[in-house]
Amino acid sequence: MLYSLYELGHLSMAPLRFAAMMQASVLRSPFNPLSNTDMARAAAAASDLFESVTRRYRKPEWRLPTTRVGGIDVPVTPTVAWSTPWCNMIHFARDPGALREARGERTDPTVLLAAPMSGHYATLLRSTVEAFLPEHDVYITDWNDARMAPLLAGRFDLNDYVDHLLGMLRALGPDTHIVAVCQPGPAVLAAVSLMAAEDDPCTPATMTIMGSPIDARRSPTAPNLLAEQRDIEWFQKNMIHTVPAIYPGAFRRVYPGFLQLASFMGMNLSRHVDAHHSYFQNLIKGDGDSADKHREFYDEYLAVMDLTEEFYTQTLVDVFQRYSLANGEFFHRGERVDPKAITRTALLTIEGENDDISGIGQTQAAHALCSNIPDAMQRDYIQAGVGHYGVFSGRRFRTEIYPRVRSFMREFQSAASRARLQRQRLRLVGESH
């Protein structure tokens with residue numbers, strides 16, 4: 001019922017949004033003799049503000065037409081390289097001819113960015129992709145909105161998420177580097193553990209985990225404490241709703257995007273109020289650059305997707321209530337996941353000093369779990385002065401975090417290749433005898 005009421009409320013605002021857009025257009029028209037008055041600028045700014053806070057924000061475009069390699073602009077085309085009803089693995093394919101001209105015959109490392117499935121679309125990692133593109137062959141997990149998945153597509157839970165990661169890593173082949181950005185850290189660690197236990201040749205060369213709740217008991221934040229204070233029945237009663245009949249996923253039970261957005265904004269409400277007040281003032285002053293930056297950020301931040309009930313509740317229970325992976329009690333398709341099986345995948349963990357979602361130590365916990373990775377293949381880094389989003393975007397990500405990730409991947413790329421070739425030779429020798 002709540003979902004339907006939300007949709008009804010949004011539709012009822014449509015005439016007012018249209019009127020606000022028309023009013024702003026008239027007030028700014030060069031044919032309007034009052035367009036340069038303070039009153040007209042303030043009224044137009046108010047109309048723009050009303051339209052922006054009542055709009056439905058769709059999934060943003062990637063907007064990465066080129067990347068700069070060796071001083072040459074190389075065209076980039078996002079293409080679907082692997083797909084299911086729940087996810088597209090997007091390949092940011094760089095033009096081969098321009099790339100060869102820019103960097104010769106050098107082969108760039110393959111990187112899979114595991115995007116969070118926690119409300120926002122994978123495009124939230126646009127700046128992350130942009131940083132990697134000049135020197136890496138980049139892929140990303142682009143998760144689909146649950147309200148767009150028909151009931152015939154079946155269920156999707158945390159184990160399905162792990163299965164998807166396994167399928168994508170095997171499709172990409174040996175010596176891939178995987179980067180878990182925030183929420184998917186436990187699923188990525190589980191997938192790599194399972195591959196290592198099977199001695200899968202496609203086990204990643206390196207695993208980077210950034211701002212992720214590997215063990216949410218460490219330095220608990222407000223979301224962690226809320227998950228502990230309420231039982232799962234409370235979350236199911238208050239957070240799970242039915243998709244209305246106007247969507248392809250009609251009657252699917254989901255954690256709606258609009259509730260997630262309310263939670264996101266509630267954590268820093270005063271900051272968002274101040275941002276919109278500044279936006280209003282910049283519109284009045286005619287500061288187009290600042291207004292455009294505001295629109296660019298909120299076009300992404302306010303675009304949210306629904307999560308399936310089963311994914312949301314299993315993640316809540318296993319990651320934030322029972323700490324199943326950290327306690328050695330997470331099972332995948334009947335098999336216990338043991339990070340100690342990982343011995344040849346190098347591990348890098350990155351945390352933000354001011355992260356109010358995944359506190360200090362939650363990501364570092366991966367090192368204790370992966371105790372059989374040699375110390376020489378483990379790295380840990382805490383970035384000073386950044387919060388949760390600063391771990392994977394912004395100036396300090398570009399200038400301080402990304403260079404460390406790049407160097408880490410380069411350090412273990414050739415070592416992983418040599419080890420794989422040695423294992424292949426030993427296997428052939430064994431077969432010959």
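The values are calculated or read from the model by the stated rules, or taken from the named source; none is laboratory data. Values in this document were obtained by computation on a predicted structure and should not be read as measured data. Using ideal geometry, Cβ is built from the backbone for each residue, glycine included, and neighbour counts are taken over all protein chains shown.
Overview of values
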quantity	calculated
Of residues in segment 166-206 being part of a loop (DSSP other than H, G, I, E, B) and within 18 Å of the chain's Cα centre (by Cα), the one farthest from Phe156 (Cα to Cα)	Cys182
Total residues in segment 325-343, condition surrounded by fewer than 19 Cβ atoms within 10 Å (Cβ to Cβ) and either in contact (Cβ under 8 Å) with a residue 24 or more places away in the chain or part of a loop (DSSP other than H, G, I, E, B) (or both)	11
Condition check for Ala245: of a type in the set (A, V, I, L, M), part of a loop (DSSP other than H, G, I, E, B) and either in the same structural domain as Met409 (by TED's automatic domain parsing) or over 20 Å from Asp157 (Cα atoms) (or both)	yes
Selected residue (only one of Ala122, Ala191, Ala180, Ala187 is crowded, with 24+ Cβ neighbours inside 10 Å, closer than 18 Å to Ser324 by Cβ and free of Cβ contacts under 8 Å to residues at least 40 places away in the same chain)	Ala191
Scope segment 81-117; condition closer than 12 Å to Ile140 by Cα, modelled with pLDDT of 95 or more and part of a loop (DSSP other than H, G, I, E, B); matching residues	Ala115
Lone qualifier among Tyr312, Tyr298 - being of a type outside the set (Val, Ile, Thr), assigned by TED's automatic domain parsing to the domain that holds Phe264 and closer than 29 Å to Trp62 by Cβ	Tyr298
Cβ pairs under 9 Å, 6+ apart, first in segment 226-242 and over 18 Å from Met267 (Cα atoms), second among the small types (Gly, Ala, Ser) and surrounded by fewer than 17 Cβ atoms within 10 Å (Cβ to Cβ)	His241/Ser4; Thr242/Ser4; Thr242/Ala250
Single condition Leu34 does not satisfy, out of (1) modelled with pLDDT of 80 or more; (2) assigned to a loop (DSSP other than H, G, I, E, B); (3) over 30 Å from Val129 (Cβ atoms)	(1)
Of all residues in segment 295-321 being among the β-branched types (Val, Ile, Thr) and either assigned to a helix (DSSP H, G or I) or touching an Asp or Glu at 6+ places or on another chain (Cβ under 6 Å) (or both), the one that is surrounded by the fewest Cβ atoms within 10 Å (Cβ to Cβ)	Val317
Any hit, segment 16-27, residues being part of a loop (DSSP other than H, G, I, E, B), modelled with pLDDT of 85 or more and surrounded by 13 or more Cβ atoms within 10 Å (Cβ to Cβ)	no
Selection count where residues are assigned to a loop (DSSP other than H, G, I, E, B), in contact with a strand residue (DSSP E or B) (Cβ under 6 Å, 6 or more places away or on another chain) and surrounded by 19 or more Cβ atoms within 10 Å (Cβ to Cβ), scope segment 344-383	5
